[in-house]
Amino acid sequence: EPEVTQTPSHQVTQMGQEVILRCVPISNHLYFYWYRQILGQKVEFLVSFYNNEISEKSEIFDDQFSVERPDGSNFTLKIRSTKLEDSAMYFCASRAGGGQPQHFGDGTRLSIL
Amino acid sequence: DQQVKQNSPSLSVQEGRISILNCDYTNSMFDYFLWYKKYPAEGPTFLISISSIKDKNEDGRFTVFLNKSAKHLSLHIVPSQPGDSAVYFCAAPLIIQGAQKLVFGQGTRLTINP
C-alpha cells in the first residue's frame, strides 16, 4: 500500500539554525499538509498546500516557516531560525481529494538544543 | 481550541472484550469524523470515518457511532486484540475556503490485556 515517507526520522539542531524537513506524499495525492505534536499535547495543524500554493495556515505558521514543493514528488517544511519551542514531532500528510482521508507519514522528531 | 475532546486519556480492556472510546465535539459545522490509530514511533493511521448524515458505520471489528444531538461519537472495537493497543485519536475536518484541516482530540491510550 502506498505511504507517505518522511526524512529524517530524527533531526537535532542548534537554536537559531535553519532546518528542512522532507516528505514524499503518496504519488496521486493532490493535497498536502504539515502538522506537529509537542510532547504531551494534541496533534495540531500547521499548513495545507494545494495547486502549488498555501491554502490555509495556522497561527503557529509564522514568517519563520515556509513550505515548498520543489519537484513533482517532494514536499518540504523549512524553519528559518529555530527556537526551543519548535521541538516537536512533525507529521506530513497527503490526501487524494473528495471525501478521502488524510494519510500521515511516521513523522520527524525535531529536537532544538 | 477544544472543538474535539477525548476526556479519557487511557483505557484498559481485557482481550476479547469490547473497547469503547469516546469523543465529544462542539462545532456543529463538522460534517464528518475520523478515527486514527497511532503506534509509538509511527504516524497516525486512518481507521474509520463517519459522515454526519449517518449514525453508524461498521468495518470489521470496528464500529463508529454518532449521536449528533449529543455531539458525541464513539468507537467500538470487538473483540479487542493485543494488536489494538495504541493511541486512538478522534478528528474532524474544518473546511475553510476549500482547504481542509483536521482538528484532533487529545487521544486515548488503549491497552489490551491478555
Legend entry - Distance (nanometres) between label positions extended 7 Å along Cα→Cβ at residue B:39 and residue A:62: 3.8
Inset, instruction - Show the residues, 5+ positions off or on another chain, whose built amide H is closer than 5 Å to the amide H of residue B:48. - result: B:35
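Work out the mean other chain Cβ neighbour count within 10 Å for the residues of B:92-105 and drop it here as an integer.
Rounded to a whole number, the mean comes out at 5.
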Inset, instruction - Using Cα centres only, tell me the gap between the stretch A:69-111 and the stretch B:10-85 in whole Å. - result: 25
Legend entry - Vicinal HN-Hα couplings computed from phi for the stretch B:8-21 (Karplus, 6.51 cos²θ - 1.76 cosθ + 1.60; Hz; Gly/Pro x): 9, x, 8, 8, 10, 9, 7, 3, x, 8, 8, 9, 10, 10
Inset, instruction - Name the long-range amide H neighbours of residue A:96: under 5 Å, sequence gap of 5 or more, or other chain; modelled H, no Pro or chain starts. - result: A:30
Legend entry - Inter-site label distance for residue A:111 and residue A:14 at 7 Å from Cα along Cβ, in nm: 1.7
Inset, instruction - Enumerate the calculated ³J(HN,Hα) couplings along the stretch B:39-52 in order (Karplus 6.51 cos²θ - 1.76 cosθ + 1.60, θ = phi - 60°), each rounded to whole Hz, writing x wherever the residue is Gly or Pro. - result: 8, x, 6, 10, x, x, 10, 4, 10, 6, 9, 8, 7, 5
Inset, instruction - Among A:43, A:33, A:10, pick out the residue whose Cα is farthest towards the positive end of the charge dipole of the stretch A:1-66, where Lys and Arg carry +1 and Asp and Glu carry -1 on C-beta, about the Cα centre. - result: A:10
Legend entry - the stretch B:98-103 - phi-based ³J(HN,Hα) in whole Hz, Karplus 6.51/-1.76/1.60, Gly and Pro as x: x, 8, 10, 10, 8, 9
Legend entry - Cβ-derived FRET efficiency at R0 35 Å, residue B:15 paired with residue A:96, nearest 0.05: 0.50
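Could you work out, residue by residue across A:45-52, how many beta carbons of other chains sit within 10 Å of that residue's beta carbon, and then give the average as an integer?
3
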Legend entry - GNM result for chain B, Cα springs below 10 Å: residue of B:66, B:75, B:102 fluctuating most strongly: B:102
Inset, instruction - Pairs of lysines 8 or more apart, or on different chains, with alpha carbons under 19 Å: count those in chain B, would you? - result: 12
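All of the numbers you see were taken from the coordinates with simple rules; none came from a lab. Since this is a predicted model, take the numbers as computed values, not measurements. Every residue, glycine among them, receives a Cβ derived from its backbone with ideal geometry; neighbour counts consider all protein chains shown.
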